[in-house]
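Quick notes on the structure that follows.
The values are calculated or read from the model by the stated rules, or taken from the named source; none is laboratory data. Worth saying up front: this structure is predicted, and the values here are computed from it rather than measured. Reconstructed Cβ throughout: ideal geometry from the backbone, glycine too, with neighbour counts over all protein chains shown. For the accessible areas, the whole protein counts, side chains as well, though only heavy atoms, and no ligand, DNA or RNA atoms are used. Shrake-Rupley method; radii C 1.70, N 1.55, O 1.52, S 1.80 Å.
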Amino acid sequence: FRLTLDGYEPIDLVRSFLSLTQQTELAHAGFDYQNDASYAIDVRLTPAGALPEGMVRVAGGLYATVPLLGFAQLDPRMIPEFYIDRTEVTNAAFAEFVQAGGYTDERWWRDAVADGDPEVGVTEALGRFVDATGRPGPAGWTLGAPPEDLADHPVTGVSWFEATAYCQWRGAALPTLYHWARAALPSAGAWVPFSPTLAARSNLDGTGTVPVGSLDAISIAGAQDMLGNAREWTSTASIDGRYLLGASWADPEYFVSDSNAPSPWHRTDGDGFRCAQFGDDPVPPALLEPLTFPTQVFSARPTLSDEVFEATAQFYAYDPAQPLGARVDSTATHPDGWSVEWVS
């Protein structure tokens with residue numbers, strides 16, 4: 001949808017329609033999709049020029065489920081209204097930060113370094129963030145500048161620290177995992193996937209980045225390229241990393257629902273970001289918490305005796321010399337092109 005009115009900022013939104021059967025199934029599952037902020041259309045027009053520059057408004061409300069692999073068990077979250085960049089931060093925009101002395105002003109780095117690795121000082125950290133010629137800047141730049149023909153492409157090769165510093169310099173912040181997901185995908189996507197629809201328009205499994213917004217790959221909130229082009233840093237911490245979401249230009253399409261939480265020092269040619277603003281009210285603490293999941297420490301479990309182990313192993317014994325005798329019982333091909341086989 002595009003909603004326009006003279007004197008006001010235009011609004012772009014995307015929604016996936018649910019069949020009556022799907023609506024009934026979701027209702028039986030306890031999902032009130034009509035009152036979910038990522039499905040219902042909540043529009044408040046903003047006077048022209050009143051939006052934060054380059055950002056879109058994301059309506060506040062309940063976000064029932066994060067539709068990314070591994071996060072379905074998270075409790076629903078109330079996410080107040082916020083703003084997020086319409087596009088990924090470009091090389092040209094990041095160059096302004098570099099030229100303004102962003103890599104030499106410790107104000108933008110002190111909190112991030114203390115939060116990300118308290119054992120490393122700001123001076124040491126800044127010494128690691130250099131380009132291919134040893135100048136301050138993203139890993140893929142040379143002589144402190146991006147390639148001229150990539151000015152309107154997303155900046156990549158930046159660590160979580162560099163992304164955080166840039167957003168602070170701009171008076172913004174990295175979105176949390178919840179804010180990023182809320183701006184990109186509908187909560188109903190956990191049951192009725194929307195990501196394949198958006199991925200089909202996005203820069204995935206390609207040969208390099210493309211100019212931001214050039215594919216018109218619009219998220220539910222009207223932001224561009226939230227899947228593909230560049231993976232995007234979030235502020236949300238894992239046990240030992242920070243979450244990168246959305247897949248990059250080099251990733252296959254099925255990566256779009258995946259999550260990755262590498263070290264915040266990670267700097268590859270697929271890593272970019274966008275900024276968010278949260279208004280005057282503080283972000284609810286539940287949205288800022290690190291995400292930790294239960295783990296099993298098998299080394300702490302008592303071991304079996306040799307006799308018990310050998311007896312247990314007999315249940316899994318087979319003769320590898322015998323043919324498997326595999327049989328394809330039936331095959332179905334989906335209109336989208338993928339196939340499924342039932343094998344005995």
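Multiplying the residue separation of ASP6 and GLU253 by 0.36 nm and subtracting their alpha-carbon distance yields 85.1 nm. If the segment from ARG107 to ASP240 were pulled out straight at 0.36 nm per residue, it would be longer than the present Cα-Cα gap by 45.5 nm. Across the accessible surface of segment 238-329, with the other protein chains kept in place and a 1.4 Å probe, carbon and sulfur atoms take up 57 percent. Go from 0 up to the bin containing the longest alpha carbon distance in the chain, width 10 Å each, and give me the % of pairs per bin. Bins of 10 Å from zero give 5, 22, 29, 21, 12, 8, 2, 0, 0 percent of pairs. Specify whether the C-alpha gyration tensor of segment 147-229 places it in the rounded, prolate or oblate class, a ≥ b ≥ c being the square roots of the eigenvalues: rounded for a/c under 1.5, otherwise prolate if a/b is larger than b/c and oblate if not. It is oblate, given that a/c is not under 1.5 and a/b is not larger than b/c. FRET efficiency for the ARG201 to GLN322 pair, using the beta carbon distance and R₀ = 41 Å, is estimated at 0.25. The portion of the accessible surface of segment 82-198 made up by carbon and sulfur, rounded to a whole percent, is 51 (1.4 Å probe; DNA, RNA and ligands excluded). Summary of packing: across the peptides 257-269, 219-231, the per-residue average of other C-beta atoms within 10 Å ranks them, highest first, as 219-231, 257-269. Using a Förster distance of 41 Å, how high is the FRET efficiency between ASP269 and VAL343, based on the Cβ-Cβ distance and rounded to 0.05? Given R0 = 41 Å and the Cβ-Cβ separation, E is 0.60. Rolling a 1.4 angstrom probe over the protein heavy atoms with all chains in place gives the chain an accessible area of 53 Å² per residue.
Here the Karplus relation 6.51 cos²θ - 1.76 cosθ + 1.60, evaluated at θ = phi - 60°, turns the backbone of segment 4-10 into coupling constants of 9, 7, 3, x, 10, 5, x Hz, with x for every Gly and Pro.
The protection proxy used here, the mean number of other Cβ atoms lying within 10 Å of each residue, ranks peptides 177-189, 121-133, 328-340 as follows, highest first: 177-189, 121-133, 328-340.
Using 0.36 nm per residue and subtracting the Cα-Cα separation, the extra length available between GLU96 and ALA50 on full extension is 14.3 nm.
For a test of the definition: using alpha carbon positions, the gyration tensor, and the 1.5 limit on a/c, classify segment 63-220 as rounded, prolate or oblate. The shape class here is oblate. For the peptides 274-283, 22-31, 41-50, the ranking by mean Cβ contacts within 10 Å, running from highest to lowest, is 274-283, 22-31, 41-50.
On segment 1-76, 54 percent of the accessible area sits on carbon and sulfur atoms, based on a 1.4 Å probe.
Per-residue ellipticity at 222 nm computed for the chain from its helices equals -5000 deg cm²/dmol, with DSSP H segments shorter than 4 residues left out and the rest contributing -39,500 (n - 2.57).
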